[in-house]
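See below for the structure under consideration.
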Amino acid sequence: MAIPKVLGIETEYGVIARGVDLNPVTASSVLINAYAGRLDGAIGWDFEDEHPGADARGFAMDDAMAPEVETHLVNTVLTNGARYYVDHAHPEYSSPECRTVREALTYDRAGEEILRASMAAARTALPEGAEIVVYKNNSDGKGNSYGCHENYLVARETPFGAIAAWVTPHLVTRQVFCGAGKVGRESTEGAGESGGYQISQRADFFEEEIGLETTLKRPIVNTRDEPHADPARYRRLHVIVGDANMSEVATYLKLGTTALVLSMIEDGDYPADLVLAHPVAAIRAVSHDPSLRATVMRSDGRTLRALELQRSLWAAAVAHVERRGSAALGEADTAETLERWDAVLTGLETDPAGEAHAVDWVAKRRILEGYAERHGLGPRDARRKAIDLQYHDLRPGSSLAARAGLEVLAKPADVEAAVTDPPTSTRAYFRGRCLAKWPREIVAANWDSIVFDVGTEPLRRVPMMEPLKGTAADVAALLDEAESPAALVAALGGVVRASSFRPTN
């Protein structure tokens with residue numbers, strides 16, 4: 001039976017330093033340090049349980065280690081349970097674990113607000129007139145792409161081969177409603193093309209069907225086997241194929257539809273005739289055709305359009321929910337996901353322009369076409385790419401997405417609270433509450449443990465291997481009553497173990 005879905009989003013942001021000579025790594029570090037400096041103690045990241053070389057196909061790259069950029073640059077944990085750090089020359093915000101799609105959307109939006117606050121804080125540390133500008137996009141237009149990764153908790157008992165084969169058609173075609181839109185191409189068959197418009201920011205950068213890499217020879221299905229939870233019970237599907245969305249509806253659908261598809265796979269309800277013959281070619285073909293007429297080939301040789309494949313998945317999801325219920329995703333999220341999924345597919349089929357309130361690539365294209373018509377832009381005019389980039393600008397007065405009429409789902413008060421407070425529905429609550437209450441006594445933290453200094457040797461590590469334990473219902477009273485980390489550790493008793501962790505700096 002499909003297990004309850006725990007989900008989250010990791011977003012790498014684009015950065016540009018203006019009025020000051022800073023490379024991207026330094027600019028990202030300035031940005032995060034400026035924000036972390038406002039906090040009561042910055043908590044370091046604990047790499048002890050990270051195994052980036054573990055592969056879900058059953059082997060490990062023994063010489064693989066956590067990337068140097070992660071271990072030696074700015075890396076902190078926030079009181080909302082999120083991780084905020086420099087990754088591959090970009091500031092990355094990794095949201096806390098969330099139990100619902102609506103919650104995950106809210107914490108993704110909180111990440112945007114944290115980046116905006118970081119820009120404001122960094123401005124005070126830079127020379128007058130200088131600033132660091134942040135973009136929620138996926139490509140610098142010079143052949144480099146940075147990710148927006150999703151994470152989903154799935155059952156270990158489900159064979160990874162089945163997950164890979166059956167989630168791929170969805171990942172290839174869901175871009176019709178969650179693609180962020182892009183001017184030009186950067187794939188090998190279209191490298192350097194400045195004209196034209198496509199659906200996805202990321203599609204051009206995928207070269208393999210399946211693999212462990214995330215920066216070179218990117219695969220549609222990533223095989224990194226690092227559950228950050230009990231490995232005997234869980235997998236974490238690390239999805240690297242998605243775009244960073246400005247549309248809240250697109251973010252909601254990206255998460256909700258993928259969680260439902262994974263639930264279908266776990267329960268054996270997936271329509272097996274949708275397996276694709278050539279996924280890499282298909283993901284690019286779909287992206288390169290905003291008319292939505294491009295077809296993809298199934299393993300049996302038959303073809304269908306991306307919208308048709310998505311409609312088949314929607315119908316299968318409806319039947320799955322009728323048969324199995326809504327426990328995996330929750331009743332409210334399941335109902336809203338199916339309703340919005342149906343609506344956006346119908347809209348894209350009948351009147352794509354009418355989906356500008358929900359679909360980023362449609363909203364961006366409307367802005368581009370309007371500007372081009374008013375100013376007589378040719379297909380290769382450099383201003384097209386400037387508009388593309390400005391759509392993703394996080395500065396409130398500069399963002400074109402903010403003026404695009406996109407539907408808002410997350411309540412402003414909830415987003416404001418999520419900047420500092422953790423979700424109550426997962427172990428992120430325990431992590432965030434501890435960080436807020438005892439920032440000076442926590443030596444380090446990661447997704448599945450916290451290391452405390454209780455005033456005596458050795459350090460104490462509290463493991464958190466169950467993502468749905470450590471919730472407000474589980475530990476709020478305990479945390480309220482504990483006067484110190486030592487008291488908390490004593491109350492937790494046999495759960496706690498000695499830690500050999502030592503800070504690296």
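None of the figures in this text is laboratory data; all of them are computed from the coordinates on show. Small disclaimer: the values here were computed from a predicted structure and weren't measured. Cβ: placed from backbone, ideal geometry, glycine included. Neighbour counts: every protein chain shown.
Data for the structure
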quantity	calculated
Tilt relative to the chain, helix 24-36 - C-alpha long axis, 0 to 90 degrees, to 10	50
Order of Trp361, Trp438 under a 10 Å beta carbon neighbour criterion, fewest first	Trp438, Trp361
Contour excess over end-to-end distance, with Cα ends at Thr350 and Val318 and 0.36 nm allotted per residue	9.4 nm
Extension gain, Asp267 back to Ala232 (0.36 nm per residue minus Cα-Cα distance, nm)	10.8 nm
Quarter of the Cα convex hull surface for the chain, i.e. its orientation-mean projected area (nm²)	23.4
Dipole of region 7-416 [Lys/Arg +1, Asp/Glu -1 at C-beta], most positive-end residue of Ser398, Leu368, Ala54	Leu368
Note, ³J(HN,Hα) from phi for region 225-242, Karplus 6.51, -1.76, 1.60, rounded to Hz, x at Gly and Pro	9, 9, x, 6, 6, 4, x, 6, 10, 10, 10, 10, 7, 9, 9, 10, 8, x
Relative contact order computed over region 7-416 (Cα-Cα under 8 Å; 6+ residues apart), in percent	19
Nearest 10 degrees, 0 to 90: helix 360-375 Cα axis against the chain principal axis	50
Exposure proxy order (Cβ contacts within 10 Å, fewest to most) of Glu213, Glu481	Glu481, Glu213
On Cα atoms only, tilt of 331-350 relative to the major axis of the chain in degrees	20
Charge dipole of the chain about the Cα centre (unit charges at C-beta), most positive-ward option of Asn144, Val454, Pro352	Pro352
Pairs of Lys in the chain closer than 22 Å at Cα, counting only those 8 or more apart or on different chains	19
Amide H partners (placed H, <5 Å) of Leu212, local residues excluded	Thr223
DSSP-assigned coil residues among trypsin sites (Lys or Arg not before Pro) in region 102-156, each with at most 13 further Cβ atoms within 10 Å	Lys142
Leu304 paired with Ala335, simple spin-label distance in nm, labels 7 Å along Cα-to-beta-carbon	2.8
